[in-house]
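**Q** Questions regarding the structure given below will be posed in turn.
Just so it is clear, none of the values below were taken in a lab; they were calculated from the coordinates. Treat the numbers as computed from the prediction; the structure is a model and nothing was measured. Glycine gets a Cβ as well: all are built from the backbone with ideal geometry, and neighbour counts include every protein chain shown.
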Amino acid sequence: MAMMDKFGRPITDLRISVTDRCNFRCVYCRSADPENHVAGHELLNWNEFERLARILIGLGIRKVRVTGGEPLVRDGVEDFIAALKGMGVSDLSITTNGHLLPERLERLLAAGLDRINISLDSLDAEKFEAITRTKSFGKVMAGIDAAQASRLKPVKINAVLVRGINDDEVEAFAEFARDRDLIMRFIEFMPLDADRHWSRELVVTAAEIKRRIEARWPMVPIAHERSETARKYRFADGRGEIGLVAPVSQPFCGQCSRIRITADGKLRTCLFSTDDHDLKSMLRNGHSDNQIAEDIRGAVHEKEKGHRINEPDFHPPSRTMVFIGG
Ligand code: SAM
């Protein structure tokens, strides 16, 4: 039986952030200034992650995404993925910036990974480097090629468009999806950046992206599962798929089936939760699995109705995306 919140939404999807560290500093996520990381001993160790995952799977979680920070910078992530697979997770995925993918893909495949999302915010090497503040364009493209040549095809590519930075690349990204026969997902910029530069004017809406792509290539809607974040389209005349994720302009909280575990063992029932629920202290203070499960059930029951980005009194959460896990 799946957990249910007080609004009747079944909670079946879990995102686990295995680290708050990242080898990129994307302008819409992290600050250029050094940021404080949680000290190593404050992060859950792999045994603690596995214990929590087992409890959550016992509570009806079926779909797990491993994320971060950058999940591939934490040693042992492949073993964790293999452990999750062994627990019977039917849909197991990872979100990565792709930098370490060329050398890690084989191990991820052997661990039983089912799906992969790779972030790519520009098809222009110079602009990519300005956005991510790294010189990794070539490695990320090699990672995408390797994943696309594996059983993970079609890979999902995530792009966050920010007005004035990369919003001129909508059509180029659509062409990329068509050429490579992959899934190109556009995610609206959310107020989760460390520099607090987010403003409504910087958001490139899903409606604008759809209009621009359709002006060149007619698209046909594809059915999506109720709780899926993306509205999906295929091209009427060719290969490739477009996904539009519109948390700002068309919130989908009414169908949300997700909860998150942060790298330091906090349960978050919404990306925009104003506080999080401490599970690490229960893990470390001798609570039984049943006690932890009951605590999780209670917190999930109180899951927020919605993220309130569009309410006049909205305040962004104190933790930014890299610390929550995207
Ligand atoms: N390091 C991995 C990566 O780059 O995909 C996983 C973590 S990253 C936080 C997960 C996703 O969150 C990425 O696709 C990233 O583009 C997205 N993201 C980060 N900050 C965001 C923001 N302010 N608004 C929307 N998406 C954001």
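**Q** Across region 63-175, what fraction of all alpha-carbon pairs, as a whole percent, falls in each successive 10 Å bin from zero upward?
**A** Answer for region 63-175: a P(r) of 14, 45, 29, 11, 1 percent.
**Q** Counting pairs of Cα atoms in region 235-294, how many percent are more than 19 Å apart? Walk me through the numbers before you get to the answer.
**A** Working: 947 of 1770 pairs.
Percent of Cα pairs beyond 19 Å in region 235-294: 54.
**Q** If you take the C-alpha gyration tensor of region 215-326, multiply each eigenvalue by 5 and take the square root, what semi-axes do you get, largest first, in whole Å?
**A** 35, 17, 13
**Q** With just the Cα atoms defining each centre, how far is region 16-95 from region 134-209? Give it in Å.
**A** 22
**Q** Can you give me the relative contact order of region 211-290 as a percent, contacts being Cα pairs under 8 Å and 6 or more apart? Could you put the intermediate results ahead of the total?
**A** Numbers: 85 pairs, mean separation 12.8, N = 80.
Relative contact order comes out at 16 percent.
**Q** How big is the charge dipole of region 149-235 about its Cα centre, in debye rounded to the nearest 20, if each Lys and Arg gets +1 on its Cβ and each Asp and Glu gets -1 on its Cβ? Before the final figure, lay out the partial values.
**A** On the way: 17 positive and 15 negative charges, 93 e Å.
With Lys and Arg at +1 and Asp and Glu at -1, about 440 debye.
**Q** Just from the alpha-carbon atoms, what are the Rg and Dmax of region 106-232 in angstroms?
**A** Using the Cα atoms of region 106-232, the pair Rg, Dmax is 15.3, 44 Å.
**Q** Quick one: putting +1 on the C-beta of Lys and Arg, -1 on the C-beta of Asp and Glu, what dipole do you get for region 17-129 around its Cα centre, in Debye to the nearest 20? Mind dumping the intermediate values first?
**A** Working: 14 positive and 18 negative charges, 108 e Å.
Using only the charged Cβ atoms, the result is roughly 520 debye.
**Q** What number does region 131-190 give for Rg over Rh if you use C-alpha atoms and the Kirkwood radius?
**A** On the way: Rg = 12.2 Å, Rh = 12.5 Å.
For region 131-190, the value is 0.97.
**Q** Any chance you could run the full-extension gain for residue 274 through residue 211? It's 0.36 nm times the residue separation minus the Cα-Cα distance, nm to one decimal. Write down the numbers at each step before the final one.
**A** Working: separation 63, 0.36 × 63 = 22.68 nm, distance 3.44 nm.
Between residue 274 and residue 211, full extension yields an extra 19.2 nm.
**Q** Do you know the relative contact order of the chain, to the nearest whole percent, from alpha carbon pairs under 8 angstrom that are 6+ apart? Could the numbers behind the result be given before it?
**A** Working: 634 pairs, mean separation 73.2, N = 326.
In percent, rounded to a whole number, it is 22.
**Q** Now a separate question. When the Debye formula is applied to the Cα atoms of region 11-88, each taken as the same point scatterer, what base-10 log of I(q)/I(0) results at q = 0.11, 0.12, 0.19, 0.22 Å⁻¹?
**A** Relative scattering, expressed as log10 I(q)/I(0), comes to -0.32, -0.38, -0.85, -1.03.
**Q** Any of 63/153; 127/210; 85/210; 63/232; 232/305; 6/280 with alpha carbons more than 26 Å apart? Name them for me.
**A** Working: 63/153 18 Å; 127/210 23 Å; 85/210 36 Å; 63/232 19 Å; 232/305 24 Å; 6/280 24 Å.
The answer is 85/210.
**Q** Over the chain, what is the percentage of antiparallel beta bridges among all DSSP beta bridges, to the nearest 5?
**A** On the way: 16 of 47 bridges.
Counting DSSP beta bridges with both partners in the chain, the antiparallel share is about 35 percent.
**Q** Could you pull out every Cys in the chain that lacks a partner Cys with its beta carbon under 4.7 Å away?
**A** 22, 253, 256, 270
**Q** Treating the chain as a set of equal point scatterers at the Cα positions, no solvent, please give the Debye-formula log₁₀ I(q)/I(0) at q = 0.09, 0.10, 0.12, 0.15 Å⁻¹.
**A** Summing over Cα pairs of the chain leads to -0.44, -0.56, -0.82, -1.36.
**Q** Related question: State to the nearest 20 debye the size of the charge dipole of the chain about its Cα centre, where the only charges are +1 on K and R beta carbons and -1 on D and E beta carbons.
**A** On the way: 49 positive and 49 negative charges, 150 e Å.
Computed charge dipole of the chain: roughly 720 debye.
**Q** Can you tell me the relative contact order of region 175-318? Whole percent, Cα pairs under 8 Å, sequence separation 6 or more. Walk me through the numbers on the way to the answer.
**A** Values: 195 pairs, mean separation 30.8, N = 144.
Computed over region 175-318, the figure is 21 percent.
**Q** Take the alpha-carbon centre of region 229-251, take the same for region 102-133, and report the distance between them in whole Å.
**A** 20
**Q** For region 84-125, what log10 I(q)/I(0) values come out of the Debye formula at q = 0.17, 0.19, 0.30, 0.32 1/Å, with one point per alpha carbon and no solvent?
**A** Debye output, listed in q order: -0.53, -0.62, -1.11, -1.17.
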